[in-house]
Amino acid sequence: MKIDWNNRYATIAIYAFFVICASILLYLGMSQISEIKASISSMIGTLQPFIIGGTLAYILNFILKFYEEKVLSHEYFKNVKEKAKRGIALVFTYITAGIITYLFIQFVLPQLVESIVGLANNIPQYVNDASNFVNDLMQNLNLQPEYLNLLSNKFDEMVSYIITIVTNMVPVIGNLVVTITSSILNIIIGIIVSIYILIDKEKFMALGRKITCAIFSESKAKFILRLATQSNRTFSRFLGGKILDSFIIGILTFVILTIFKMPYILLISVIVGVTNIIPFFGPFIGGIPAAIIILFVSPIQALWFILIIVVIQQIDGNIIGPKILGDSIGISAFWILFSLLVATKFMGFAGMVIGVPLFAIFYSIIKELIEDKLAKKGLPIETEEYGKKFIK
């Protein structure tokens with residue numbers, strides 16, 4: 001029977017039917033949430049080698065492009081076929097990744113673990129010294145008893161929080177090592193998958209474009225592909241640039257802290273370098289716990305560290321960062337803070353790293369859609385035009 005969509009009651013009945021079906025499906029989904037989570041976890045576990053392989057391929061693609069575009073583009077390799085160049089670049093890429101991994105495991109990781117264990121063992125002495133210092137300071141200030149109790153309680157809370165963080169670092173590293181060891185087979189398969197992806201990356205991209213063009217109309221397909229290209233450019237520029245920028249900042253911090261003979265140099269350099277990946281607020285997130293760690297050893301050195309880290313971040317923000325990153329994010333500080341808070345809530349530390357570029361991609365898509373709608377209506381697309389003058 002053909003439905004008369006112009007009939008008001010028929011239209012209402014059809015929409016009501018779809019709403020009821022959607023409500024039933026939602027209820028069934030919510031009531032079986034544990035089974036759904038288990039199924040998703042099982043699916044992710046099955047696809048883990050491919051997830052690892054795709055992630056490795058995306059990260060190693062930066063090194064591969066460097067060898068293909070900067071090294072193998074030399075006139076010396078002009079007679080080498082493209083497939084041979086790809087093979088040579090792949091070999092160099094995985095050799096480079098292997099050397100970096102070996103150097104980290106051989107030299108950085110043992111010293112990092114040693115620093116964390118040493119810090120955890122020395123915490124009782126540091127806490128005792130800090131407590132004596134704070135008590136002497138409060139007595140010299142001649143504060144009223146209620147203020148002394150308040151400050152003492154807050155100090156005890158801060159110390160307990162720091163002790164919890166530091167003592168949990170060792171189990172976290174241990175669990176990470178166990179997880180990596182137990183997933184060694186998936187990692188090996190993931191490496192093989194990443195090789196296949198990098199070998200035929202152009203074919204995979206062409207296949208994605210082919211499927212998009214087959215499913216959507218020509219105009220929508222062009223729009224989707226343009227957004228995909230723009231999103232990949234935003235994400236890759238940010239991720240690659242931030243990793244390079246953070247590596248430079250970590251090395252610079254290590255050199256300067258060595259010159260000033262700071263305690264726990266490697267641990268603090270790693271904290272500063274890793275948290276520097278977080279946009280805008282990374283220096284504060286890494287600098288505060290590092291300063292607290294040094295504060296336990298020497299308050300004077302902690303003050304010097306704060307001054308050093310401010311200088312380093314000024315160099316990064318005004319010289320190194322703009323040279324490497326440029327304006328790769330393209331969103332304001334407000335939206336950076338918003339995306340960090342939301343992404344961290346759902347994805348933890350990974351959300352801090354990739355939350356901002358993901359939001360920047362989402363922001364650019366919404367911006368593109370809105371500006372396209374406004375252009376079709378013959379309205380201005382500049383936000384400034386919608387101020388008081390436009391309303392009047």
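The values are calculated or read from the model by the stated rules, or taken from the named source; none is laboratory data. In this text the structure is predicted, and so the values were computed from the model without any measurement. Here Cβ is always computed from backbone atoms with ideal geometry, including for glycine, and neighbour counts include all displayed protein chains. Surface accessibility is based on the protein's heavy atoms, side chains included, excluding ligands, DNA and RNA. Shrake-Rupley method; radii C 1.70, N 1.55, O 1.52, S 1.80 Å.
Between Leu303 and Asn128, what FRET efficiency follows from the Cβ-Cβ distance if R0 is 25 Å, with the result rounded to 0.05?
About 0.70, to the nearest 0.05.
Provide the per residue accessible area, probe 1.4 Å, for region 254-376, rounded to a whole number of square angstrom.
Working: 6580 Å² over 123 residues.
Heavy-atom accessible area per residue stands at 53 Å².
If I model a spin label as a point 7 Å beyond the Cα along the Cα-Cβ vector, how far apart are those points for Val108 and Glu157 in nm?
In this crude label model, Val108 to Glu157 measures out at 3.6 nm.
For Val311 and Ile59, FRET efficiency with R0 = 41 Å and r from the beta-carbon atoms, rounded to 0.05?
Working: r = 31 Å, r/R0 = 0.75.
Computed FRET efficiency for Ile59 and Val311 comes out at 0.85.
With a ≥ b ≥ c taken as the square roots of the eigenvalues of the C-alpha gyration tensor of region 188-306, please select rounded if a/c is under 1.5 and otherwise prolate if a/b is larger than b/c or oblate if it is not?
Details: a/c = 4.54, a/b = 2.69, b/c = 1.69.
Prolate.
Ranking request for peptides 219-229, 15-25: highest mean number of other beta-carbon atoms within 10 Å first, then the rest in descending order.
Values: 219-229: 13.7, 15-25: 9.9.
The peptides rank, most packed first, as 219-229, 15-25.
Using the basic label-point model (7 angstrom from Cα toward the beta carbon), what is the Glu35 to Ile288 distance in nanometres?
Rounded to a tenth, the inter-label distance reads 4.5 nm.
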